[in-house]
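> Starting off with a structure, shown below.
The values are calculated or read from the model by the stated rules, or taken from the named source; none is laboratory data. Bear in mind that the values here come from a model prediction, so they are computed numbers and not experimental data. Backbone-built Cβ (ideal geometry, glycine too); neighbour counts: all protein chains shown.
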Amino acid sequence: MSAIWAALLLATAAPAWADNTTQFEQAAAAYQAGNYKQAFRLWQPLAQQGDAEAQFNLGVMYEKGQGVAQDYQQAIAWYQKAANQGDAEAQFNLGVMYEKGQGVAQDYQQAIAWYQKAANQGVAEAQFNLGGMYYNGQGVAQDYQQALVWYQKAANQEYAAAQFNLGVMYSKGQGVAQSYQRALAWYQKAAHQGLAAAQYNLSRMYEDGRGVAQDYQQALAWYQKAANQGYSDAQFNLGVMYDEGRGVAQDYQQALAWYQKAANQGDAMAQYNLGVMYYEGRGVAQNYQQALSWYQKAANQGVAGAQYNLGLIYATGQGVAQDFQQAKAWWQKVLAQPDTEENAEAKTNARTALQTLKEIGIR
């Protein structure tokens, strides 16, 4: 299974509210009302007096440019003050800024140090990001077991991206014995929270029968959920299931619709399949020019089947002026592709086609 890894969460938290002083509450109310300048004016003296939550909130406002000109260095300075007093959210945000290099030179080791402090206080986002640093070997030696530990902590707090990453690690056997059943369980948790990547991977497990009995209808249901969120791999696979009638009645028009959505997002195989459907007139009126257009897009992304078919269209002059040199050029591109199972048929066909050109005197 080709897993899709969730990106590190780099969003910072919103300002914290506290039933501290009346002035703090007034600032919080002003912030909630969108009166950022008033909120800043009220929080600033509290922050200068050492109130950690007010310091954190000023950091957020400087980072986002709310009520004040955006200034990452000032954000860092206020986060630092709050973090030094043990404010966990400030520690996390400080880690993010060091990781991204905002207002400070990028420094993965400093990011890890601050994530560690926040993670030790139970901040799920920090636990997740810390897991990511260990997984990717950023600022620390790559360590799948440590990554697993921190993802587990965040996952136990219902952090969906961590649940997903745990699923990937169990599926691949990274830092833990491979277990498709445990992978399935974690994907399910994240999928039920609406994470599209988890819904897609869960579909793959049902479709392939890994960790669970093969079930095309369940696969279809989860692909649908991910596809509805714009997840292109799910849109493509949903198209395949309608195209082949797996878990659902065969429906070329539905297949075409889902291929179109994925193709519009740049999915090369969807572009290729869309080209095939226009070429053959499945689910749509036959249209060689549309076939040519979609084959071209897929071929430019290196899909061997599309390159071969594009050559065939030029050789036969379907939807385009006949051009044997263009056909030859595309077939030669096919032969330059790696010798893989998925390229084998296209390469065999291209060799035969090039030999045919030689036999009719085209060189």
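> Among the residues of the range 275-301 satisfying the criterion of being surrounded by 15 or more Cβ atoms within 10 Å (Cβ to Cβ) and out of contact with any helix residue (DSSP H, G or I) (no Cβ under 7 Å at 6 or more places or on another chain), which is nearest to THR352 (Cα to Cα)?
By that ranking, first place goes to VAL276.
> Please work out which residue is nearest to GLN301 (Cα to Cα), limiting yourself to the range 321-363 and to residues that are touching a helix residue (DSSP H, G or I) at 6+ places or on another chain (Cβ under 6 Å) and part of a loop (DSSP other than H, G, I, E, B).
Top of the filtered list is GLN337.
> So, one more: Suppose we filter TYR151, TYR135, TYR144, TYR98 for residues that are among the aromatic types (Phe, Trp, Tyr) and without any contact (Cβ under 8 Å) to a residue 24 or more places away in the chain; which single one remains?
So the residue among TYR151, TYR135, TYR144, TYR98 that is among the aromatic types (Phe, Trp, Tyr) and without any contact (Cβ under 8 Å) to a residue 24 or more places away in the chain is TYR98.
> Let me ask something else. So which residues in the range 259-282 are in a loop (DSSP other than H, G, I, E, B) and in contact with a Ser or Thr (Cβ under 8 Å, 6 or more places away or on another chain), if there are any at all?
Within the range 259-282, GLN265, GLY266, ASP267 qualify.
> Which of the residues belonging to the range 167-184 are within 11 Å of MET205 (Cα to Cα) and either without any contact (Cβ under 8 Å) to a residue 24 or more places away in the chain or touching a Ser or Thr at 6+ places or on another chain (Cβ under 7 Å) (or both)?
TYR180, ALA183
> For the range 193-219, what are the residues that are of a type in the set (Ser, Thr, Tyr) and touching a residue at least 40 places away in the same chain (Cβ under 8 Å)?
Selection gives TYR200 alone.
> Between GLN102, GLN73, which is out of contact with any helix residue (DSSP H, G or I) (no Cβ under 6 Å at 6 or more places or on another chain), surrounded by fewer than 21 Cβ atoms within 10 Å (Cβ to Cβ) and either closer than 28 Å to ALA162 by Cα or modelled with pLDDT of 95 or more (or both)?
None of the others qualify; the one that does is GLN73.
> Moving on. Which count do you get for residues in the range 174-211 that are farther than 19 Å from ALA161 by Cα and surrounded by 17 or more Cβ atoms within 10 Å (Cβ to Cβ)?
Qualifying residue count, the range 174-211: 3.
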